[in-house]
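What follows is a single structure, and I will ask about it in a moment.
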Amino acid sequence: MFENSFKRIDQILHTDSGSATELDYVEQTSWILFLKYLDDLDEIKKTEAALAGKKYTYILDTQYRWDTWAAPKTADGKIDHHKALDGDDLNDFVNQKLFPYLKKFKADEPNTIEYKIGEIFSELKNKVSSGYKLREILNIVDGMHFRLYEEKHELSHLYENKIKNMGNAGRNGGEYYTPRPLIKTIVKVVSPTIGESIYDGACGSAGFLVESYNYLTQNQAKLSSAQMATLQNKTFYGKEIKSLAYIIGIMNMILHGIEAPNIKHVDTLAQNINDIEEKDRFNIVLANPPFGAGIGREIQQNFPIKTGETAFLFLQHFIKILKAGGRAGVVIKNTFLSNPDNASVSLRKLILENCDLHTVLDLPAGVFAGAGVKTVVLFFEKGKPTKNVWYYQLNLGRNLGKTNPLSEEDLSEFIELQKTKGSSDNSWSINTEDIDQNTFDLSLKNPNHSSETVLRDPNDILESIKKLDKESEDILSSILNQIYEK
């Protein structure tokens, strides 16, 4: 229904000087779609109130409602071009009146749709420089609706594709988009149930929360009103530091059926983990935290294990914020398993002693478009030490990339074998008693692939580099001496 509409909007934004990349296209489409969503939500709630014999109060004041400024209609239901703002008049209204008005909603109670309006429009600005092109986009979006299940389903699917394209457009695709087959697999293994709270402290575009919602609703024959209220208000929680990702995450959850997402625009790592109390904890953590060094000492003071590696700080946060018996599925760089530095060793010791690290999924290169790192997924349960670790090495026999992405079928064997921790050419188990108690090295050493090259110790590699550098220096010195002698 709406694929051509999205394409037309992208074409218009592509010709506008204010939007330069896929990131801009998604951002600008998001705020316009959000306002259209609010209009449809108002109409649905108005109808529900009427059926219950109650009076309904609209979320927005009359002059800021969609059918007043964006799409005023004639008696036959068509856009009234005499009343519809255009050109500079439209841009002036949006920039000088609409956005400032919407920002004020941030003063409302948190976790309400009103508060989300205020948060979103405090972070956004209208980048469509031409009021005439903005009018074209508004006319297209007016033809989209959020009322029927089929409409919401297609819009959510198309929006996911836009997020995927945006991720591919960035230098690091994993920053915005974790492949959905991988997320679905992690959710299936962790297996949340209705009534459990689910948390992602680096939620980005909210892929883990959205797929958890899909999993919980698709695996139930019929949900009661109490169950639906639990899913809407007491199940999904997220935090995100980046403004654009935060906005897209909220929009993505709304399109998938969560009216007022519990996503906070905060720096997760700014919280001292010693301040986390029982009331702050969650049953389940699902996350793909950002990778990279460079975290300052001030932030590191919030964690017992000091490190500049972002993902290692997030992992400490996730362990702390899980309830006893809580379950987690976390994506992390594969170097976590073997790095010899003090922080890595301490973190491996922490997770092995405080959690049951029952499963490690080793992913091939290319799973994350544009991200030049290999990753693993750690599955663990908090509250009891690890006795056995089951490994699964995903060997696909092909190179992954934008034109050849990861699929759910690729992960089907892993899902089946993980249920029983079965052995195969690609899977094996180790007993923690056999792990070096000084390094807690968890390196992937598949006993079924004896022909594999065993990775050298990083210290040996450094020594070899030093030796080669010395040899190169001696050779260069010899050559220079011969030149000078001549």
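Sort out for me the Cα centre separation of region 314-380 from region 175-252, rounded to whole Å.
Result: 20 Å between the Cα centres.
Given 20 °C and 1.002 mPa s, how large is the Stokes-Einstein diffusion coefficient of region 88-135 in µm²/s, with Rh as the Kirkwood radius over Cα pairs?
Working: Rh = 11.3 Å.
D = 190 µm²/s.
If Lys and Arg each add +1 and Asp and Glu each add -1, what is the summed charge of the other residues whose beta carbon sits under 11 Å from the beta carbon of Pro192?
Values: positive: Lys188, Arg327; negative: Glu196, Glu211.
So the surrounding residues net to 0.
Ok, one more. Under the definition of Cα pairs under 8 Å and six or more residues apart, what whole-number percent is the relative contact order of region 1-120?
Working: 67 pairs, mean separation 12.9, N = 120.
Normalised by residue count, the contact order of region 1-120 is 11 percent.
Compute the distribution of all C-alpha to C-alpha distances in region 171-434, in bins of 5 Å from 0, and list the percent of pairs in each, rounded to whole numbers.
1, 6, 13, 18, 20, 18, 14, 8, 3, 1, 0
Moving on. Once you keep just the Cα pairs under 8 angstrom separated by 6 or more residues, what percentage relative contact order results for region 171-434?
Details: 501 pairs, mean separation 48.3, N = 264.
In percent, rounded to a whole number, it is 18.
Pop out the Kirkwood hydrodynamic radius of region 3-147 from its pairwise C-alpha distances, inverse of mean 1/r, in Å to one decimal. Could the numbers behind the result be given before it?
Details: mean 1/r = 0.0623 Å⁻¹.
Value: 16.0 Å, from the Cα pair sum.
Let's test the formula: R0 of 25 Å, r as the Cβ-Cβ distance of Glu353 and Lys234. What FRET efficiency results, to the nearest 0.05?
Values: r = 31 Å, r/R0 = 1.26.
Efficiency computed from Cβ-Cβ geometry: 0.20.
Same structure, new question: Pop out the ³J(HN,Hα) list for region 335-349 in order, Karplus 6.51 cos²θ - 1.76 cosθ + 1.60 with θ = phi - 60°, rounded to Hz; leave Gly and Pro as x.
In residue order, the calculated couplings are 5, 4, 5, 9, 3, x, 5, 4, 5, 5, 4, 5, 5, 5, 4 Hz.
Of the DSSP beta bridges with both residues in the chain, give the percent that are antiparallel, rounding to the nearest 5.
Counting only bridges with both partners in the chain, antiparallel ones make up about 55 percent.
Further question: Can you give the Rg to Rh ratio for region 361-424, taking only C-alpha atoms and Rh from Kirkwood? Before the final figure, lay out each step's value.
On the way: Rg = 13.6 Å, Rh = 13.4 Å.
Ratio of gyration radius to Kirkwood radius: 1.01.
Label points 7 Å out from Cα along the Cβ direction at Asp425 and Ser122: separation in nm?
5.6
Using only the alpha-carbon atoms, how far is helix 22-51 inclined from the longest principal axis of the chain? Give it as 0 to 90 degrees, nearest 10.
50
Do you know the relative contact order of the chain, to the nearest whole percent, from alpha carbon pairs under 8 angstrom that are 6+ apart?
Numbers: 738 pairs, mean separation 55.5, N = 486.
Here the relative contact order equals 11 percent.
How would you order 227-236, 252-261, 297-306 from highest to lowest mean count of nearby Cβ atoms within 10 Å?
Those peptides, ordered most packed to least, come out 252-261, 227-236, 297-306.
Can you list the equivalent-ellipsoid semi-axes of region 59-218, largest first and in whole Å, using the square root of 5 times each Cα gyration tensor eigenvalue? Write down the numbers at each step before the final one.
On the way: eigenvalues 231, 67, 63 Å².
So the equivalent ellipsoid measures 34, 18, 18 Å along its semi-axes.
Please report the net charge: other residues with Cβ closer than 13 Å to the Cβ of Leu155, K and R +1, D and E -1.
Result for the neighbourhood of Leu155: -2.
Rounded to the nearest 0.05, what FRET efficiency do Thr403 and His14 have when you use their Cβ-Cβ distance and R0 = 35 Å?
On the way: r = 22 Å, r/R0 = 0.64.
Efficiency computed from Cβ-Cβ geometry: 0.95.
7 Å from Cα along Cα→Cβ at both Thr439 and Arg297: what's the point-to-point distance in nm?
3.0
Can you give me the Kirkwood hydrodynamic radius for region 321-409, using every pair of distinct Cα atoms, in Å to one decimal? Display every interim value, and only then the final one.
Numbers: mean 1/r = 0.0698 Å⁻¹.
For region 321-409, inverting the mean 1/r across all distinct Cα pairs yields 14.3 Å.
If we count every other residue with Cβ under 9 angstrom of Gly325's Cβ, Lys/Arg +1 and Asp/Glu -1, where does the sum land? Working shown, then result.
Values: positive: Lys323, Arg327, Lys382, Lys384; negative: Glu381.
Local charge sum for Gly325: +3.
Assuming R0 = 45 Å, can you tell me the calculated FRET efficiency for the pair His82 and Thr193, based on Cβ-Cβ distance, to the nearest 0.05?
Values: r = 55 Å, r/R0 = 1.22.
Efficiency for this residue pair is about 0.25.
Let me spell out the model: positive unit charges on the Cβ of Lys and Arg, negative unit charges on the Cβ of Asp and Glu, origin at the Cα centre of region 171-434. What dipole size does that give, in debye rounded to 20? Before the final figure, lay out each step's value.
Numbers: 27 positive and 26 negative charges, 42 e Å.
Result for region 171-434 is approximately 200 debye, rounded to the nearest 20.
Additional query: What would the Debye equation give as log₁₀ I(q)/I(0) for the chain at q = 0.08 Å⁻¹, counting only Cα atoms as equal point scatterers?
Ignoring solvent entirely, the Cα scatterers give -0.57.
Percent of Cα-Cα pairs per 5 Å bin, from 0 to the last occupied bin, for region 1-64, please list those.
Over region 1-64, the share of Cα pairs per 5 Å bin runs 4, 15, 18, 16, 12, 12, 10, 7, 4, 1 percent.
The numbers here are math on the coordinates, done by the rules we state, and not lab data. A quick note: this is a predicted structure, and the numbers were derived from the prediction, not measured. Don't worry about glycine lacking a Cβ; one is built from the backbone with ideal geometry, like all the others, and counts go over all protein chains shown.
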